[in-house]
Amino acid sequence: QVVILGVKSILKNTEKSIAGSMLGEYDWYVTRKAEKGTEIPAAITTYRDAVRTACNTRETEIDNCADTAALITLYGYKEDGSPNMTQFPTDPSIQEI
């Protein structure tokens, strides 16, 4: 059986992949916690939770689009330059200059 994914499914899979990559950078904290009992820093736990929440919200935003035009708008920007779509959190290892 051949399954051809629709645009929404492809976009949601892409969002999951992005979130997985973002979480993957900090998986070693989870492994260390499991193996050694070393606590995961609160900033990392907060970040990982925020990544999951943002991914779920982005998938819902995709699902809520009625047509291709709505998807194009979702991935676009408002007049003030801010994105229409919920953004993923900033990596905690990136410090503002």
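Output the qualifying pairs, or none if there are none: Cβ atoms under 7 angstrom, residues six or more apart or on different chains, first residue in the range 6-19 and over 20 Å from Arg48 (Cβ atoms), second residue of a type outside the set (Asp, Glu) and open to solvent by less than 40 Å² (accessible area, probe 1.4 Å). The qualifying pairs are Val7/Leu71; Lys8/Ile62; Leu11/Ile62. Of the residues contained in the range 73-96, one or more are found to be among the aromatic types (Phe, Trp, Tyr), within 11 Å of the chain's Cα centre (by Cα) and modelled with pLDDT of 95 or more.
Identification of helices (runs of 4 or more DSSP H) wholly contained in the range 1-94 with 3 or more residues that are open to solvent by less than 40 Å² (accessible area, probe 1.4 Å) yields 7-24, 42-63, 68-74.
The values are calculated or read from the model by the stated rules, or taken from the named source; none is laboratory data. As the structure is a computational prediction, the values presented were derived from the model and not from experiment. Methodologically, a virtual Cβ is constructed for each residue, glycine included, from the backbone with ideal geometry; neighbour enumeration extends over all protein chains shown. What goes into the accessible areas is simple: the full protein's heavy atoms, side chains included, and nothing from ligands, DNA or RNA. Shrake-Rupley method; radii C 1.70, N 1.55, O 1.52, S 1.80 Å.
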